[in-house]
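J.: Below is one structure. I have some questions about it.
Every read-out reported here was derived from the displayed coordinates using simple, explicitly stated rules and does not represent laboratory data. Computed from a prediction, not measured in an experiment: that's the story for all the values here. Cβ: placed from backbone, ideal geometry, glycine included. Neighbour counts: every protein chain shown.
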């Protein structure tokens, strides 16, 4: 068949397919244009999932009358002047493909008025043809209306999902843009109903509130940390906020919503034991870094990015994310930790131009009521006619002194530490709490009063006008896990072999081992040369008392730069199992001293307030919540 050049209309439709996949991709492109135009308020409205009707209105700088037609030419943009700027992109859009691509597959009407102009311009275009321009009166900014998406490409339109599904994708896109740009007030309307409406006051927590509601925004953990030229700030949701999919993980790089495997892996590694197995943390995290260190031009829809050094970026991101949980304890009895969290009330709303979308008075009042701290008092007077005598007032709780530690005995020399020996089923019931939890140094602890143990499972503690319920098994399991992991990471959890393991290596492998004997020793391997091409391994890392010897050693040899981390990761599941088996079980009776020892150790141990599998260790009910429960206050 002869080779021929495609006509402009066909080329336009092919190009549109790379940018315009569905209504949500149109919304993304148009909202990015609005933000690049300096808009402080954006309204997105759809009908029929955005297939039938889609409108984006902003109060940005608008387009000059003489440039309206040029804006719909292919690769026409005001954001890029030279090719050198591709290495330093500071805008969300830069390729000049959005407007012509959308116009080639739909009916488009755009009205715009540039700042300082007395009048505006209306442009109509159908399927990329028949452009009509006229002068009109309109507010400053730009309104872009798209109708009948893919009306001229029936095959593409047939592949769109039902309106409800497409509308859901649009809502997700708007939500991400809203959280990635909290300084912009965003309103999203679907079929006449307001779905999202943010204040645009620059507070990310308020933006998250607009999307996920009060409970999620209040419970998410704030993060703001920097290292070198990289800063990460935002919110992370763990514990009960964990989700069954990654759909609620929102990452932004310099304000651009992206999918990023490196950031996802870093987040999930940090939150590994803070969410239940099988669930994923949620987040709204913005990464700020030099534009030259990231390539945003590797995906047609700019949804994916590529870093110059992926491994270094992941490690940096993980270190910065870990700071969000710095200072946490397995048990925290401070008042601010036990009281219900509330979002600070927005004191004032930034004034927005009248023609821009602004919060209505009803909406503002509803938000104020929701975010306001409730106040109330309950009567303490008792009716004199009651036929019973009230019990004496309980004195204020006092800290119960911990029994002094026993006189230390000389350590017993054993070939293998007790905590890393095999744990047999018949021995698990004999493991007592006092044996498993080491004594801790005296330190100042919050006032609390142990009420008792409910059902031989839940320890009840009164502290700071709150009732704290502790799952004794989950708490002891977390303490065991932390102790075992520290031993493993320090290279102390190794087992000496009765008969050394002799391995025959290649010349290259022998050279690697000889050069890295100290690294293997830190990972738990005691290795010595045993001839010209042989080595003997005298001790190996312990995995529940078992030694997966040769395969594990050879795997470690193949990844010398990660040998210590690999050794820990390899044993993590087994350590979790050992922590669980050696912990006191629900239903096991505990003595008063064991309860006290457990609580004190929880107060001292820096670790997530969850078991290694992500289950919560404790729950609290404040005095206010109980008074509401019993209708003492409203």
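J.: Where the centroid of each part is defined by its Cα atoms, how far is the range 589-603 from the range 306-329 in Å?
T.: For the range 589-603 versus the range 306-329, the Cα centre distance is 35 Å.
J.: Please pull out the direction-averaged projected area of the range 220-328, using the convex hull of its alpha-carbon atoms, in nm² to one decimal place. Before the final figure, lay out each step's value.
T.: Working: hull surface 26.5 nm².
Averaged projected hull area, Cα only: 6.6 nm².
J.: Which Rg and Dmax, in Å, describe the Cα atoms of the range 119-174?
T.: When restricted to Cα atoms, the range 119-174 yields Rg and Dmax of 15.3, 41 Å.
J.: As a footprinting exposure proxy, order 42, 253 by other Cβ within 10 Å, with the fewest listed first. Don't skip to the answer; put the middle values down first.
T.: Working: 42 29, 253 20.
Ordered from fewest to most neighbouring Cβ atoms within 10 Å, 42, 253 come out as 253, 42.
J.: So for 293, 244, 190, fewest C-beta neighbours within 10 Å to most, what's the order?
T.: 244, 293, 190
J.: Give the order of 248, 504, 613 when sorted by the count of other beta carbons within 10 angstrom, beginning with the fewest. Working shown, then result.
T.: On the way: 248 20, 504 11, 613 17.
Result, fewest neighbours first: 504, 613, 248.
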